[in-house]
Amino acid sequence: MMTFDEFADIVDDEMDLLPDYVYDDLNGGVVVDERPCLHPERLADDLYILGTYTSDSVLGKQIRIYYGSFVAAVSHDPAVIRRQIRETLRHEFLHHMETRAGMFGKGTLIEEDRERMRRYYQSHRERESSC
């Protein structure tokens, strides 16, 4: 299993690949959190949040990557973890860029995230109806 420090180093490496402008107004920075984060609207203990983007009057605009969620929900293969970290970081940075641009409607990640939740609920309904 990958240690927290190894995980944080990969996050740092992936952050170094991003252009400087994506960090504009990200005054809360990128935080790697040791805890797992279960989705508050989950139907079972099977939906982990890998990363979040928040805009808070106290903490500022911040991206948080959850090491514990990766441990619980992602393969232990280092190459798979690295790919998922890259995807998660870029997803959260895109939320940041869309927010800065005032994009909140159709065609945004907010809509895409809602669609993922809809598919999650649908898969649970299908599992329940097949019993």
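Computed from the coordinates by the stated procedures, all read-outs in this text should not be read as laboratory data. Quick caveat: nothing in here was measured; it's all calculated off a predicted structure. Cβ atoms come from the backbone with ideal geometry, glycine included; neighbour counts cover every protein chain shown.
Using C-alpha pairs under 8 Å with a sequence gap of at least 6, the mean separation divided by the residue count of segment 1-112 gives a relative contact order of 27 percent.
When the chain is described by a simple charge dipole with +1 on each Lys and Arg Cβ and -1 on each Asp and Glu Cβ, the residue from Thr108, His95, Ser55 located farthest towards its positive end is Thr108.
When the chain is treated as a GNM, springs tying every alpha-carbon pair under 10 Å, which of Val80, Val32, Val58 comes out with the largest mean-square fluctuation? Highest fluctuation among the options: Val58.
Comparing Tyr23, Tyr53, Tyr120 in a Gaussian network model of the chain (Cα springs below 10 Å), the most mobile by mean-square fluctuation is Tyr120. Since only Met15, Gly29, Tyr120 are under comparison, the one whose Cα sits farthest along the positive direction of the charge dipole of segment 4-129, derived from C-beta charges on Lys, Arg, Asp and Glu, is Tyr120. Remark: the chain carries a charge dipole of roughly 620 debye about the Cα centre, counting +1 on each Lys and Arg Cβ and -1 on each Asp and Glu Cβ.
If I build a Gaussian network model for the chain, linking alpha-carbon pairs within less than 10 angstrom, which residue out of Gly68, Gly105, Gly51 has the largest mean-square fluctuation? Maximum fluctuation in the GNM of the chain, among the listed residues, is at Gly105.
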